[in-house]
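Below: one structure, written as structure tokens.
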Amino acid sequence: MLTTAGRHCEAIAAFDRLLAVDRNRLPDDGPAYDERLFGELAHEGRGLCLFRLGRYDEAAAAYEAAARCAPADPGYQIKRQLALARARRRQDTPSQAGEGAPCREAMSLYLRR
């Protein structure tokens, strides 16, 4: 929902929390969940948010991590290649000063909750 609402910085923090979960400590009984939430899907979600924020190199790394979790899925390598292409294109154009500031500010506000 955070991603859909355009709250990408907050979504990245949520995906990071999912990635920090020790899967070995999750209970065997209780509600069912897709274990990919704590790996593949969290990396993919991070990649999407980072891509939308224009942080293409980081997005490529997130998609690479997702690909390591699901090597049979070619979609992650395609997304990685797209992110890398965008990163190269950005390197060829003048950078925008302070482009990461809005994300840092949003993260700061989110973490104060």
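Computed from the coordinates by the stated procedures, all read-outs in this text should not be read as laboratory data. Bear in mind that the values here come from a model prediction, so they are computed numbers and not experimental data. Every residue, glycine among them, receives a Cβ derived from its backbone with ideal geometry; neighbour counts consider all protein chains shown.
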20 °C / 1.002 mPa s Stokes-Einstein diffusion coefficient of segment 1-54, Kirkwood radius on C-alpha pairs, µm²/s
181 µm²/s
Give, to the nearest whole percent, the P(r) tail of segment 30-82 beyond 19 angstrom, counting all Cα pairs.
23 percent
Which order do peptides 38-45, 12-19 fall in by mean Cβ count within 10 Å, highest first?
38-45, 12-19
Going by average Cβ neighbours within 10 Å, how do the peptides 52-60, 68-76 rank, with the highest at the top?
52-60, 68-76
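Hull surface divided by four, with the convex hull built on the Cα atoms of segment 1-99: how many nm²? Please list the in-between numbers first.
Numbers: hull surface 29.6 nm².
So the Cα hull casts an average projection of 7.4 nm².
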